[in-house]
1. For the pair residue 35 and residue 14, what calculated FRET efficiency results from E = 1/(1 + (r/R0)^6), where r is the Cβ-Cβ distance and R0 = 30 Å, to the nearest 0.05?
2. Of the options 11, 44, 24, report the single residue whose Cα projects farthest towards the positive end of the charge dipole of the chain (beta-carbon charges: Lys, Arg +1; Asp, Glu -1).
3. Taking only Cα atoms, what is the 0 to 90° angle, nearest 10, from helix 33-45's long axis to the longest principal axis of the chain?
4. How big is the Cα convex hull of the chain in projection, averaged over all directions, in nm²?
5. Go through the stretch 21-28 residue by residue and turn each phi into a ³J(HN,Hα) via Karplus (6.51, -1.76, 1.60, θ = phi - 60°); whole Hz please, and just put x for glycine and proline.
6. What trypsin sites (Lys or Arg not before Pro) in the stretch 1-30 are in a loop by DSSP, with at most 11 other Cβ atoms within 10 Å of the Cβ?
7. Using the crude model of +1 on Lys and Arg Cβ and -1 on Asp and Glu Cβ, and no other charge, please compute the dipole size for the chain relative to its Cα centre, in debye to 20.
Amino acid sequence: MRAAEMIHPWVARRLCWVHKMWNLLGKVRRVDREAVKRGLVAIYSA
């Protein structure tokens, strides 16, 4: 990533959808993860 930042410093870096889901699910209580996961999949599928 450092090489890409050096060449294109003005371009915002973004997470892929899978890594974004992992990050979000890591912040949610374990009992709520399935419901949040279903919601995220519905958002992605929209």
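1. E between residue 14 and residue 35, to the nearest 0.05, is 0.75.
2. Of the options given, the answer is 24.
3. Its long axis makes an angle of about 60 degrees.
4. Working: hull surface 17.0 nm².
If you wrap the Cα atoms of the chain in a convex hull and average its projections, you get 4.2 nm².
5. 5, 4, 5, 5, 5, x, 9, 9
6. Within the stretch 1-30, the qualifying trypsin sites (Lys or Arg not before Pro) (loop, at most 11 other Cβ atoms within 10 Å) are 13, 14, 29.
7. Working: 10 positive and 3 negative charges, 33 e Å.
For the chain, the charge dipole is close to 160 debye.
Each value in this text was obtained by applying a stated rule to the coordinates, not by laboratory testing. Values in this document were obtained by computation on a predicted structure and should not be read as measured data. Cβ atoms come from the backbone with ideal geometry, glycine included; neighbour counts cover every protein chain shown.
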